Every structure is written in C-alpha cells, then in structure tokens.
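Please treat every number below as a calculation from the coordinates, not as lab data. Just so it is clear, the model here is predicted, and its values are computed rather than measured. Here the Cβ is made from the backbone with ideal geometry for all residues, glycine too, and neighbour counts use every protein chain on show.
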C-alpha cells in the first residue's frame, strides 16, 4: 500500500494543474486549504470544474448550482480565513517536504 501511495504521488506531482479534473481537484483542494485554512467553495468550483475559466462547458455547468445556492442563501459572499491558517499551512508544507524527500533517490 505504501508503494502504491508513493507511485500515485509521483504521478500527481508530474502532472500540471490542467492535466485532468481529478489532478486539479487534489491540487486545488490542498492549495485552498494552505491559502485559507479551509476550502473556499467559490474558488474551488471555478478552479476545478471550469479549469480556471479554460473550460466554458464546465463553467456553464456551475450556473444552475450557483443559482440554487443563491436562492437558498447558501452561497458564501465572503470568505474569512480560519484562525489557524498559518499552522495549517506549515503542517501541509511539512508533509509536502517529507513526501518530496521520500521520493528522491538516495545520495551516494
């Protein structure tokens, strides 16, 4: 299981954010949590589903959901970062550094 996880991580690390929706999903999720301590749903949909405005069909697919959320008063108009955003960011960066070191070949 550990080796499968390492291989999966290496594949994800090699692909850029625009490769596929699953890759964007994972990378955007981590980036948003690092940025604000939790996920800003507004940015998440735009970055993942519409590929940061590159996928017009994906962007249009967000319209009905956005309208339903607005009608029900569930669309966040603002976003406040969590109180522990610095701690969350440092934890994520520490894990990313450990993962990067564990995937590097040993020095001779």
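Couple of notes before you dig in:
- Against the chain, whose longest principal axis comes from its Cα atoms, helix 85-103 is set at around 40 degrees.
- CD proxy at 222 nm, helix term only [per DSSP H run n ≥ 4: -39500 (n - 2.57); per residue of the chain; nearest 500]: -21500 deg cm²/dmol
- Structure-derived volume of the Cα convex hull per residue in Å³ - corresponding label in [x] 205; [y] 89; [z] 128: [z]
- Between helix 21-36 and the chain: long-axis angle, C-alpha atoms, 0 to 90°, nearest 10: 90 degrees
- Estimated distance in nm for a label pair at residue 68 and residue 29, the labels positioned 7 Å out from Cα along Cα-to-Cβ: 2.1 nm
- Residue order, fewest to most surrounding Cβ atoms within 10 angstrom, among 35, 10: 10, 35
- Using C-alpha pairs below 8 Å separated by at least 6 residues, the relative contact order for the stretch 2-103 is 28 percent.
- Axis of helix 56-71 versus longest Cα principal axis of the chain: the two differ by about 60°, to the nearest ten degrees.
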